[in-house]
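The values are calculated or read from the model by the stated rules, or taken from the named source; none is laboratory data. This is a predicted model, so every value here is computed, not measured. Note that we place each Cβ from the backbone using ideal geometry, even for glycine, and neighbour counts take in every protein chain shown.
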Amino acid sequence: MKRLLAILVCALALVPVFAQGSKEGSGFTESPLFKEPTSVNVAALKGPTAMGMVGLMEEAEKGPVNRNQYAFRLEAAPDAIVPLLAKGEVDIACIPANLAAVVYNNTDKIQVLGINTLGVLYICQNGGEDIVSAEDLRGKTIYSAGKGSTPQYALETVLAGYNLEVGKDVFIEWKSEHAECVAALAQNGKDGKAVAMLPQPFATTAMIQNGDIKIALDLNDLWSDLSGTALVTGVTVATKSFIAENRAAVDQFLKDYNRSVELVNSDIDQASSLIEKFGIIKAAVAKKALPYCQIVLITGDELKASLDVYLNALYAQNPKSVGGKVPGDAFYL
C-alpha cells in the first residue's frame, strides 16, 4: 500500500511538467521527454509562391509549429535560391517548375513535394474590341518579358495549340521587363492591335495604375483546354538529404503549408495584411491580385500528372528549358 502511494505521489508530481510544457496554439508540446524540434529552412520568391506561405510564416514567428522550427527567407530571383539548395543552406524551396527540373537533372539532389502555383500569366488589353478567345489574338502583337524562360515556352505552346503561328498569324515583341510591356501597351494598344502578357501580381498593379488596362485571357484556361491539365508555374522542392533524415518533418510541413494555402484563399483580407507585413507586396495590391494568383498545394498523383505534361511541353519547345530531359518518377516524392 505504501509503495502504491509513493508511485501515485511521483506521478502527480510530474503533472506540472507536462502542463507547463504545453504551448497553446502552436501544436507543439515542450517536455524534457521529447527531442528538440526539427529546424526547417525554407526559401521562396517574392510573389505568389511566398504569398501562399504567409499564414505559416505568421505561425512560425510565435515558435515551433507542430514540432517544426521554421526559418523563412524571401528572395527576388530564383538564381539566389538555387545555390542555397546546392550548399544545403536551405532544406525546402519554392522555385519555378522548369528550374526544379534543371536542378534535378544537373545535381540529383532534390525532389518535388508539390505544385504551389498554377498559371499566373494573363493576356491584357488596353483598347479595341474585347478579346474572348485565342483566335482573337490573330494579327495582333503581344508584348511580353521572359524570353528564353517559362513565359516564352508557355505562350508559344498555347499559340501553336490554337494554330497561331508566331511571325505569321501573331507577333511577339520581347521586352526585358514587365514594366516595358505595360508602357508599350499603354502607348500602342489603344487601337486593339497590341496586347501584353503579364504575370500576377504585376498585371493587377498595371490595372490599378491604368484603369483602361484589363485582363482579356487567362493563359491557364487556354492551356487547360488544350491539355486537360493545369498550367504549372511554381513547385516546392526539398533536398533529398533533408527528406531522408527528416521525413516526418517534411510530411508535417506539407500539412502546415496546406493550412496556410487554405487561409490565403479563404480570408483575403487577413492574407493581404500578412503579405504586406512580410514585405512581398502592398496589401491593396494583394487584395485585388489574390483571386488571380492560382495559389494551391497539389501533391500525389495529380502533381505528377500536371507537372509531367507541362515539362514535356517545355521540352518539345526547348530541351534545355528542363535540363536536357524530362525527369522520371524519382523526381517526385
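May I ask you to list the residues in the stretch 89-103 that are farther than 24 Å from Gly324 by Cβ and surrounded by fewer than 21 Cβ atoms within 10 Å (Cβ to Cβ)?
Glu89 - this is the single residue of the stretch 89-103 that is farther than 24 Å from Gly324 by Cβ and surrounded by fewer than 21 Cβ atoms within 10 Å (Cβ to Cβ).
For the structure I just gave you, tell me whether Leu290 is outside the structural domain of Arg73 (by TED's automatic domain parsing) and closer than 24 Å to Thr150 by Cβ.
It is false that Leu290 is outside the structural domain of Arg73 (by TED's automatic domain parsing) and closer than 24 Å to Thr150 by Cβ.
Which of the strands (runs of 3 or more DSSP E) contained wholly in the stretch 210-318 include at least 1 residues that are out of contact with any Pro (no Cβ under 6 Å at 6 or more places or on another chain) and basic (Lys, Arg)?
214-218
So, of the residues in the stretch 104-129 that are out of contact with any strand residue (DSSP E or B) (no Cβ under 7 Å at 6 or more places or on another chain) and surrounded by fewer than 23 Cβ atoms within 10 Å (Cβ to Cβ), which turns out to be nearest to Val250 (Cα to Cα)?
Out of the qualifying residues, it is Asp108.
I'd like to know if the stretch 178-185 contains one or more residues that are in a strand (DSSP E or B), under 11 Å from Ser144 (Cα atoms), assigned by TED's automatic domain parsing to the domain that holds Thr141 and touching a residue at least 24 places away in the same chain (Cβ under 8 Å).
no
So how many residues does the stretch 303-312 have that are surrounded by 18 or more Cβ atoms within 10 Å (Cβ to Cβ) and either of a type in the set (Lys, Arg) or without any contact (Cβ under 8 Å) to a residue 60 or more places away in the chain (or both)?
Going through the stretch 303-312 one residue at a time, the tally reaches 1.
Name the residues in the stretch 42-73 that are over 21 Å from Ala249 (Cβ atoms) and surrounded by fewer than 21 Cβ atoms within 10 Å (Cβ to Cβ), would you?
Step one: of the stretch 42-73, the residues over 21 Å from Ala249 (Cβ atoms) are 45-48, 51.
The answer is Lys46, and nothing else.
Output the residue which, of all residues in the stretch 87-117 that are hydrophobic (A, V, I, L, M, F, W, C) and closer than 15 Å to Leu74 by Cα, is farthest from the chain's Cα centre (by Cα).
Ranking the candidates gives Val90 first.
Residue-by-condition table, conditions (1) under 30 Å from Ala330 (Cβ atoms); (2) without any contact (Cβ under 8 Å) to a residue 12 or more places away in the chain:
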residue: Ser260; (1), (2): yes, no
residue: Ser266; (1), (2): no, yes
residue: Ser273; (1), (2): no, yes
residue: Phe278; (1), (2): no, no
residue: Ile281; (1), (2): no, no
residue: Ala286; (1), (2): no, no
residue: Leu290; (1), (2): no, no
residue: Gln294; (1), (2): yes, no
residue: Asp301; (1), (2): yes, yes
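For the stretch 165-207, which positions are crowded, with 23+ Cβ neighbours inside 10 Å and more than 24 Å from the chain's Cα centre (by Cα)?
Leu185, Gly189, Val195
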